[in-house]
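Working notes, structure below.
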Amino acid sequence: MLEADRQEPPMEVIITNSHQASGHLVADLVCEALASRACPALGLATGSSPLPAYAELIRRHEQEGLSFANAAAFLLDEYLGLPGGHPQLYRSFIQEQFTNRVDLDEGNLFSPDPTASDIPTTCAQYEQQIQEVVGIDLLILGIGSDGHIAFNEPSSSLASRTRIKTLTQATRQDNARFFSDDLDAVPKHVITMGIGTILDARHLVMIVTGKAKANCLAQAVEGPITAMVPASALQLHPRVTVIADEAAASKLKLSDYYKQVYAGKPRLARHR
Ligand code: F6R
């Protein structure tokens, strides 16, 4: 094996055979981030992809004493226009699926405020809150079938910061499943971290599952860096871990190579 292969590759792609295995890998990386400094900060995606990871983190909290007591967490995005208390508000979703089930202090759960009268100011304040905790240590991402990360839809600036965005019709259709398949109920606008905000995090972990994500994952990892595939901006970041199942990885040209690199990684350095 070449010594270079023992180093952390800029973009590490780990291909797993189950959602449970993905959940364990992500949870290991979160544990590493939590241990990395006294008051660590996490970035949290909502949606389906991270749920096995959140379930594993809850299990470790309940059974192994994993603590989030000193941590802060920042949501990637929030819907605009839903009534207060709506279960699909991402703050409600993450509380129910994760943060209320571990010992994260609710005051340390940050999310863009969709009720603010002045959205640009609330977006600037969100950026400021991230800076006040000295940045995000590990940020968990999913990917949209149109290549979005957070809700940076195709054509988003690769340098963008937290701001309002209009969802594409494809994203609204994908997310209608959370709104009883009622497309009209899916908000048209969101507040989202920008791609620049995301790239500032120290470690990016993108979880990708299912065949429907195979094309966008291949474009993001192996295609050109382009605003038309916002996830391709991850190629600019020095530390990215992509955790994909076999179906999502099925269109990657170098999947055998990624498996070889991971298999050859010294055990203690796996996914580090
Ligand atoms: C959600 C978010 C989105 C999702 C993406 C994939 O907070 O930032 O980018 O990660 O739409 O969603 P799922 O995982 O439901 O396929």
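Please treat every number below as a calculation from the coordinates, not as lab data. Source: prediction; values computed, not measured. Neighbour counts are summed over all protein chains in view; Cβ atoms, including those assigned to glycine, are modelled from backbone coordinates with ideal geometry.
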Restricting the stretch 143-185 to residues that are assigned to a loop (DSSP other than H, G, I, E, B) and of a type in the set (Val, Ile, Thr), the residue that is nearest to Leu217 (Cα to Cα) | Ile143
Considering the stretch 96-129, residues that are among the β-branched types (Val, Ile, Thr) and surrounded by 13 or more Cβ atoms within 10 Å (Cβ to Cβ), and then whichever is farthest from Ala55 (Cα to Cα), we arrive at Ile119
For the stretch 28-129, which fully contained strands (runs of 3 or more DSSP E) count at least 2 residues that are more than 24 Å from Ala185 (Cα to Cα) and within 16 Å of the ligand (Cβ to nearest atom)?
-> 41-44, 72-75
Subset of the stretch 238-258, residues away from the ligand (no atom under 16 Å from the Cβ) and within 17 Å of Ile140 (Cα to Cα), comes to Pro238, Arg239
Hey, can you tell me all the residues within the stretch 130-142 that are away from the ligand (no atom under 16 Å from the Cβ) and assigned to a helix (DSSP H, G or I)?
-> Gln131, Glu132
Among the candidates Ala45, Ala71, residue that is crowded, with 17+ Cβ neighbours inside 10 Å and under 20 Å from Ile243 (Cα atoms) | Ala45
